[in-house]
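Visitor: Got a structure for you, questions after.
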Amino acid sequence: MSADAPITQDVMTIPRKLPEGKVNLVGLTRDALREVLIAHGTPEKQAKMRTGQIWQWIYQWGVRDFDAMTNLSKAYRAELKENFEIRIPEMVSCQVSADGTRKYLARIAGGHEVEVVYIPEADRGTLCISSQVGCTLTCSFCHTGTQKLVRNLTAGEIVGQVMMARDDLGEWPEPGTRKDETRLLSNIVLMGMGEPLYNFENVRDAMKIAMDGEGISLSRRRITLSTSGVVPEIAKTAEEIGCLLAVSFHATTDEVRNKLVPINKRWNIETLLGVLREYPRLSNSERITFEYVMLKDVNDSDEDARRLVNLIKGIPAKINLIPFNEWPGAPYERSDWSRIERFADIVYKAGYASPIRTPRGEDIMAACGQLKSTTERARKSRREIAEEAKLSP
Ligand code: SAH
Ligand code: SF4
């Protein structure tokens, strides 16, 4: 791939209602769910209550079958069954790493596949979810960036990954029982395949559903969205989603960042830092995570470390150092461990937390940046993407 590849928002979103098909309720906001119930004959006066009931069955108890919704009349359940479905991505496979990491392959409409990774840790369980099939951006160190086929996931397909993982982990409470507060799946990171801010509305709706107190009920502080730096959407992330933000920074000069994260040619380091300085936070503890992939002899010098801390001065931040995860044909190498530690030390002494991310699930290619679905039918050529790029804003 080339670092000069175009930056494009080349995506399509499949309609929620397939022609002649049933409407999938998963992924609809509460308002949209209410509307769709009314459109299919639920009396307006009852719609709010019905929305709440159905919502709870789907997102609190994990029920997929209308027949199990026992607080609704049989006749109403039959109506629901006729018009609607509760569909989430299908789990095609689940690979388990020696370290307990689980990598799922999820099949979505159109036969596309996306990867989802569950990472158990002592004090939390993090699910790394995808927002797109592939990615239109072409960061030169990222395996997903080499995948040509791209489509936006729907909100249902995004929150559906969380539901799929909860199925696998057996984490839905019995209907009527109290919510279990010790969670196997306690955190979500939007760090799988795709650029979440190029699929803003669907990501927002999906995360709103995951945060809803009468459902999956994850706190906004347990959700982290990672972006390569889609500047115009960053402020909206705080305002409309309210989750934590991570930024794929990876370089300290525009020259190097242009090569690693080509979106930098559109919004350079200065512009990106400008918007991050303004990022609204409800409290000072909500730091921005700067992700920094450690590439041997590319961005890992002492000088880089010093430049980095100078650049981000004034931004409440932590620096997450990610040892590069190799993939077949990757053009980079991981920095030596001693180099990573030295870099971390400089950053730490300048007053920033600088954890080194332990690679997880490497044996099953589940580590950051290693994801790439093998289904590439209906590929798009680079030329096609370039053509469309000229049309995009
Ligand atoms: N598109 C978003 C989110 C997905 S990538 C983004 O770029 O932020 C999640 C993180 O993994 C990003 O910080 C990305 O730069 C990093 N990453 C990608 N490829 C990697 C690799 N091979 N090794 C280590 N980290 C990688
Ligand atoms: Fe896309 Fe993120 Fe990979 Fe870049 S690092 S190609 S933005 S998924």
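Visitor: I need the full set of residues from the stretch 148-175 which are within 16 Å of ligand 2 (Cβ to nearest atom) and in contact with an Asp or Glu (Cβ under 7 Å, 6 or more places away or on another chain), in order please.
Guide: If we filter the stretch 148-175 for residues that are within 16 Å of ligand 2 (Cβ to nearest atom), which is where we start, we get 148-153, 158, 161.
LYS148, LEU149, VAL150 - these are the residues of the stretch 148-175 that are within 16 Å of ligand 2 (Cβ to nearest atom) and in contact with an Asp or Glu (Cβ under 7 Å, 6 or more places away or on another chain).
Visitor: Just to be sure I understand the filter: pairs with C-beta atoms under 7 Å, separated by 6 or more residues or on different chains, first member in the stretch 316-327 and closer than 14 Å to ALA353 by Cα, second member among the acidic types (Asp, Glu) and modelled with pLDDT of 95 or more. Which pairs pass?
Guide: What qualifies is ASN320/GLU291; ILE322/GLU291.
Visitor: Can you tell me which residue within the stretch 64-118, out of those that are of a type in the set (Ser, Thr, Tyr) and open to solvent by less than 50 Å² (accessible area, probe 1.4 Å), is farthest from THR42 (Cα to Cα)?
Guide: Per the criteria, the residue is SER97.
Visitor: So which residues in the stretch 26-60 are outside any helix (DSSP H, G or I), closer than 23 Å to VAL162 by Cβ and open to solvent by 30 Å² or more (accessible area, probe 1.4 Å)? Spell out the reasoning first.
Guide: Taking the stretch 26-60 and keeping what is outside any helix (DSSP H, G or I), we get 26-29, 40-43.
Cutting the leftovers down to closer than 23 Å to VAL162 by Cβ gives us 26-29.
Correct list: THR29 only.
Visitor: Could you list, in sequence order, all residues of the stretch 195-211 that are out of contact with any helix residue (DSSP H, G or I) (no Cβ under 7 Å at 6 or more places or on another chain) and open to solvent by less than 20 Å² (accessible area, probe 1.4 Å)?
Guide: Going residue by residue through the stretch 195-211, those that are out of contact with any helix residue (DSSP H, G or I) (no Cβ under 7 Å at 6 or more places or on another chain) are 195, 198-199, 201, 208.
Selection gives GLU195, TYR198, ASN199.
Visitor: If you don't mind, there's one more thing I want to ask. Based on what the data block shows, is ILE340 open to solvent by less than 20 Å² (accessible area, probe 1.4 Å), in a helix (DSSP H, G or I) and modelled with pLDDT of 95 or more? It would help to see each step written out before you state the result.
Guide: Working: open to solvent by less than 20 Å² (accessible area, probe 1.4 Å): yes; in a helix (DSSP H, G or I): yes; modelled with pLDDT of 95 or more: yes.
When the stated conditions are applied, ILE340 passes them.
Visitor: Going through the stretch 99-129 one residue at a time, which ones are touching a residue at least 12 places away in the same chain (Cβ under 8 Å) and aliphatic (A, V, I, L, M)? Break it down into steps so the answer makes sense when it comes.
Guide: Applying the first criterion (touching a residue at least 12 places away in the same chain (Cβ under 8 Å)) to the stretch 99-129 yields 99-120, 124-129.
Passing the criteria: LEU105, ALA106, ILE108, ALA109, VAL114, VAL116, VAL117, ILE119, LEU127, ILE129.
Visitor: Here is a follow-up. Among the residues of the stretch 25-38, are any at pLDDT 95 or above, over 30 Å from GLN147 (Cα atoms) and over 31 Å from the mean Cα position of the chain (by Cα)?
Guide: yes
Visitor: For GLY134, state whether it is outside the structural domain of ARG30 (by TED's automatic domain parsing), within 16 Å of ligand 1 (Cβ to nearest atom) and either more than 25 Å from ARG221 (Cβ to Cβ) or among the aliphatic types (A, V, I, L, M) (or both).
Guide: yes
Visitor: Quick check on MET294: is it touching a residue at least 40 places away in the same chain (Cβ under 8 Å), open to solvent by 30 Å² or more (accessible area, probe 1.4 Å) and assigned by TED's automatic domain parsing to the domain that holds MET193? Don't jump to the end; show me each part of the working.
Guide: Details: touching a residue at least 40 places away in the same chain (Cβ under 8 Å): yes; open to solvent by 30 Å² or more (accessible area, probe 1.4 Å): no; assigned by TED's automatic domain parsing to the domain that holds MET193: yes.
No.
Visitor: Take the stretch 147-170 and flag every residue that is more than 28 Å from TRP327 (Cβ to Cβ) and either touching a strand residue (DSSP E or B) at 6+ places or on another chain (Cβ under 7 Å) or without any contact (Cβ under 8 Å) to a residue 60 or more places away in the chain (or both).
Guide: Correct list: GLY156, GLY170.
Visitor: Report, by residue number, each residue of the stretch 213-232 that is surrounded by 17 or more Cβ atoms within 10 Å (Cβ to Cβ) and not basic (Lys, Arg).
Guide: Once the filter is applied, which keeps residues that are surrounded by 17 or more Cβ atoms within 10 Å (Cβ to Cβ) and not basic (Lys, Arg), the stretch 213-232 yields GLY215, ILE216, LEU218, ILE223, THR224, LEU225, SER226, THR227, SER228, GLY229, VAL230, VAL231.
Visitor: Another one. In the stretch 85-144, which residues are touching an Asp or Glu at 6+ places or on another chain (Cβ under 7 Å), farther than 16 Å from GLY361 by Cα and among the aliphatic types (A, V, I, L, M)?
Guide: MET91, VAL92, ALA106, ILE108, LEU137
Visitor: Any residue in the stretch 210-227 that is within 16 Å of ligand 2 (Cβ to nearest atom) sitting within a Cβ distance under 8 Å of a residue that is open to solvent by 30 Å² or more (accessible area, probe 1.4 Å)? List the pairs, counting only those 6 or more apart or interchain.
Guide: Here the result reads THR224/MET191; THR224/LEU244; LEU225/LEU244; SER226/MET191; THR227/GLU233, each pair linking the stretch 210-227 to a residue that is open to solvent by 30 Å² or more (accessible area, probe 1.4 Å).
Visitor: While we're here: Within the stretch 181-194, how many residues turn out to be within 16 Å of ligand 2 (Cβ to nearest atom), outside any strand (DSSP E or B) and either open to solvent by less than 10 Å² (accessible area, probe 1.4 Å) or not assigned by TED's automatic domain parsing to the domain that holds SER217 (or both)?
Guide: 1
Visitor: I would also like to ask the following. Against the definition (more than 13 Å from ligand 2 (Cβ to nearest atom), in a helix (DSSP H, G or I) and farther than 25 Å from ILE119 by Cβ), how does GLU201 come out, yes or no? Before you say what the answer is, go through the steps one by one.
Guide: Values: more than 13 Å from ligand 2 (Cβ to nearest atom): yes; in a helix (DSSP H, G or I): yes; farther than 25 Å from ILE119 by Cβ: yes.
Yes.
Visitor: Given the residues PRO120, PRO89, which is the only one that is under 19 Å from THR358 (Cβ atoms) and more than 15 Å from ligand 1 (Cβ to nearest atom)? Reasoning before the result, please.
Guide: On the way: PRO89 fails: under 19 Å from THR358 (Cβ atoms).
That would be PRO120, the only listed residue that is under 19 Å from THR358 (Cβ atoms) and more than 15 Å from ligand 1 (Cβ to nearest atom).
Visitor: OK, next. Residues in the stretch 297-310: is at least one on the phi > 0 side of the Ramachandran plot and either touching a Leu at 6+ places or on another chain (Cβ under 9 Å) or of a type in the set (D, E, K, R) (or both)?
Guide: First, pick out the residues of the stretch 297-310 that are on the phi > 0 side of the Ramachandran plot: 297.
Applying the additional criterion that residues be either touching a Leu at 6+ places or on another chain (Cβ under 9 Å) or of a type in the set (D, E, K, R) (or both) yields 297.
Yes; the residues of the stretch 297-310 include at least one that is on the phi > 0 side of the Ramachandran plot and either touching a Leu at 6+ places or on another chain (Cβ under 9 Å) or of a type in the set (D, E, K, R) (or both).
Visitor: May I ask you to verify whether ILE312 is modelled with pLDDT of 80 or more, within 16 Å of ligand 1 (Cβ to nearest atom) and either hydrophobic (A, V, I, L, M, F, W, C) or surrounded by fewer than 17 Cβ atoms within 10 Å (Cβ to Cβ) (or both)?
Guide: The answer is yes for ILE312.
Visitor: In the stretch 238-257, how many are of a type in the set (Gly, Ala, Ser), away from ligand 2 (no atom under 14 Å from the Cβ) and surrounded by 20 or more Cβ atoms within 10 Å (Cβ to Cβ)? Steps first, please.
Guide: Taking the stretch 238-257 as the starting set, the residues that turn out to be of a type in the set (Gly, Ala, Ser) are 238, 242, 246, 248, 251.
Retained after the next criterion (residues that are away from ligand 2 (no atom under 14 Å from the Cβ)): 238, 242.
Those still in the list that are surrounded by 20 or more Cβ atoms within 10 Å (Cβ to Cβ) too: none.
Residues flagged as of a type in the set (Gly, Ala, Ser), away from ligand 2 (no atom under 14 Å from the Cβ) and surrounded by 20 or more Cβ atoms within 10 Å (Cβ to Cβ) within the stretch 238-257 amount to 0.
The values are calculated or read from the model by the stated rules, or taken from the named source; none is laboratory data. Since we're looking at a predicted model, the values are computed, not measured. Positions of Cβ are backbone-derived with ideal geometry, glycine not excepted, and every protein chain shown enters the neighbour counts. All accessible areas refer to the heavy atoms of the entire protein, side chains included, with ligands and DNA or RNA removed. Shrake-Rupley method; radii C 1.70, N 1.55, O 1.52, S 1.80 Å.
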